[in-house]
Amino acid sequence: MKNVLSALTALIMLCSPACITNVMAQDHSKMNVVLLGDSNTSIGGDSCTLDRGWSKWFKEDFAPKTCISYARSGATWTNNALTKKNIEENVQKLSNNNVIYNQVSRFMEAYKSGKQPEPSLIIIACGTNDAWFESQRPEIYNMSVSKAFKSTLQELMMKKVNQVTSLAESVRYNCEILRESFPDARIVLLTPLQSVHAGEEKIKKVGDVIEECGKRLDITVIRQDKVGCVKFTDERIKKHYTTDGTHTSVLGAKTNGKLIADLLK
């Protein structure tokens, strides 16, 4: 009993309180998992089979019925004034339309066409590029989390995507779309891993916003910058868990993928 309590305490310390949910006790072999995110997810491939992506190792360890990734390199949570719905673009770099909203849209189109099973678990791992290219998302912090949650759900959903230009409101906007479309699915948010390119403070700032949004939405949040294997100070000196200070090596992907699977078990 003591060991069980110790394990639970450790899990609570690693994740936000919303992480303690009964959905993770489901039989994983019956679960359909959907992944959205940026390069550290996309390098695992759409089918989650490439070894430099955490998604491959998560899929092997968690062993769901299906695990499909819609992630794209260069993606941000944050929209801008030129963002519009575009499910075809695949530029693999920062762009006006390379945002989580369009991954959500593409995933939903796949579901409607019968190519994507109804999801049990949706994991969104994003935020590195919001921190790294903050100057190219000029309105990223123009709205606090508290202000982003002052509007009613109806008011928020009436907005066009190019009117949702802060990080906080972008996170809420996408999560609300997913919850309305898939009310039985559990959503998990992964804050970005530490990054030599983006810097410690910017990654933490983005992570804080995502975590606070998750709390207000009662959505599971895992702080990868706190529990992940990538450490800014270490990778800056010698690359070990990354190939370039930001993108995971095979070892980094394997370590992180198994960690996420363990946390969600």
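Determine whether W57 is within 19 Å of C229 (Cβ to Cβ), in contact with an Asp or Glu (Cβ under 9 Å, 6 or more places away or on another chain) and aromatic (F, W, Y).
yes
Would it be correct to say that S105 is over 26 Å from T220 (Cα atoms) and either free of Cβ contacts under 8 Å to residues at least 24 places away in the same chain or of a type outside the set (S, T, N, Q) (or both)?
Judged against the criteria, S105 is not a match.
Tell me which residues, restricted to the range 48-75, are under 25 Å from N96 (Cα atoms) and either open to solvent by 40 Å² or more (accessible area, probe 1.4 Å) or in contact (Cβ under 8 Å) with a residue 60 or more places away in the chain (or both). First the steps, then the outcome.
Residues of the range 48-75 that are under 25 Å from N96 (Cα atoms), as a first pass: 53, 68-75.
Correct list: G53, I68.
Scan the range 75-125 for residues that are over 21 Å from K160 (Cα atoms) and in a loop (DSSP other than H, G, I, E, B) and jot them down.
N90, V91, Q92, K93, S113, G114, K115, Q116, P117, E118, P119, S120
Residue check, H247 against (1) open to solvent by 70 Å² or more (accessible area, probe 1.4 Å); (2) in contact (Cβ under 8 Å) with a residue 24 or more places away in the chain; (3) not charged (D, E, K, R), all met but one. Which one?
It is condition (1) that H247 fails.
Among the residues of the range 133-150 satisfying the criterion of being closer than 14 Å to T83 by Cα and in a loop (DSSP other than H, G, I, E, B), which is most open to solvent (accessible area, probe 1.4 Å)? Reasoning before the result, please.
Within the range 133-150, the first condition is being closer than 14 Å to T83 by Cα, and the residues that meet it are 136-140.
Checking the rest, the ones that are also in a loop (DSSP other than H, G, I, E, B) come to 137-140.
Details: R137: 6, P138: 107, E139: 74, I140: 5 Å².
In this case the residue turns out to be P138.
Among what's in the range 172-195 and is more than 15 Å from the chain's Cα centre (by Cα) and of a type in the set (S, T, Y), pick the residue that is surrounded by the fewest Cβ atoms within 10 Å (Cβ to Cβ).
S181
I'd like the residue in the range 76-97 that is modelled with pLDDT of 95 or more and under 24 Å from G257 (Cα atoms) and, out of all such residues, is surrounded by the most Cβ atoms within 10 Å (Cβ to Cβ).
W77
All but one of (1) open to solvent by 40 Å² or more (accessible area, probe 1.4 Å); (2) part of a loop (DSSP other than H, G, I, E, B); (3) in contact (Cβ under 8 Å) with a residue 24 or more places away in the chain hold for G45; which doesn't?
Just one mismatch for G45, condition (1).
For E235, all conditions in the list (1) in contact (Cβ under 8 Å) with a residue 40 or more places away in the chain; (2) open to solvent by 10 Å² or more (accessible area, probe 1.4 Å); (3) not aromatic (F, W, Y) hold save one; what is the number of the exception?
Just one mismatch for E235, condition (2).
So C15 ticks every box in (1) at pLDDT 95 or above; (2) surrounded by 18 or more Cβ atoms within 10 Å (Cβ to Cβ); (3) under 26 Å from I203 (Cα atoms) but one. Which box is left unticked?
Only one criterion is unmet by C15, namely (1).
Here is a list: T83, T66, T76. Which entry is of a type in the set (S, T, Y) and within 15 Å of the chain's Cα centre (by Cα)? Even if it seems obvious, please write down each step before you answer.
On the way: T83 fails: within 15 Å of the chain's Cα centre (by Cα); T66 fails: within 15 Å of the chain's Cα centre (by Cα).
Result of the check over T83, T66, T76: T76.
One residue is enough: does the range 207-220 have a residue meeting the conditions without any contact (Cβ under 8 Å) to a residue 24 or more places away in the chain and surrounded by fewer than 19 Cβ atoms within 10 Å (Cβ to Cβ)? Write out each step before concluding.
Let us first name the residues in the range 207-220 that are without any contact (Cβ under 8 Å) to a residue 24 or more places away in the chain, namely 208.
Going one step further and asking which of them are surrounded by fewer than 19 Cβ atoms within 10 Å (Cβ to Cβ), we end up with 208.
Taking every residue of the range 207-220 in turn, at least one turns out to be without any contact (Cβ under 8 Å) to a residue 24 or more places away in the chain and surrounded by fewer than 19 Cβ atoms within 10 Å (Cβ to Cβ).
With respect to S181, determine if the residue is small (G, A, S) and closer than 30 Å to Y241 by Cα.
Numbers: small (G, A, S): yes; closer than 30 Å to Y241 by Cα: no.
Spelling it out, it is not the case that S181 is small (G, A, S) and closer than 30 Å to Y241 by Cα.
What is the one condition in (1) in contact with a strand residue (DSSP E or B) (Cβ under 6 Å, 6 or more places away or on another chain); (2) assigned to a loop (DSSP other than H, G, I, E, B); (3) in contact (Cβ under 8 Å) with a residue 60 or more places away in the chain; (4) not charged (D, E, K, R) that N40 does not satisfy?
Result: N40 fails condition (2) only.
May I ask you to list the residues in the range 151-171 that are open to solvent by 60 Å² or more (accessible area, probe 1.4 Å) and either of a type in the set (S, T, Y) or assigned to a loop (DSSP other than H, G, I, E, B) (or both)?
Of everything in the range 151-171, those that are open to solvent by 60 Å² or more (accessible area, probe 1.4 Å) and either of a type in the set (S, T, Y) or assigned to a loop (DSSP other than H, G, I, E, B) (or both) turn out to be T152, M158, K159, K160.
The values are calculated or read from the model by the stated rules, or taken from the named source; none is laboratory data. A quick note: this is a predicted structure, and the numbers were derived from the prediction, not measured. Don't worry about glycine lacking a Cβ; one is built from the backbone with ideal geometry, like all the others, and counts go over all protein chains shown. Remember, those area values only see protein heavy atoms, side chains included, never the ligands or the DNA or RNA. Shrake-Rupley method; radii C 1.70, N 1.55, O 1.52, S 1.80 Å.
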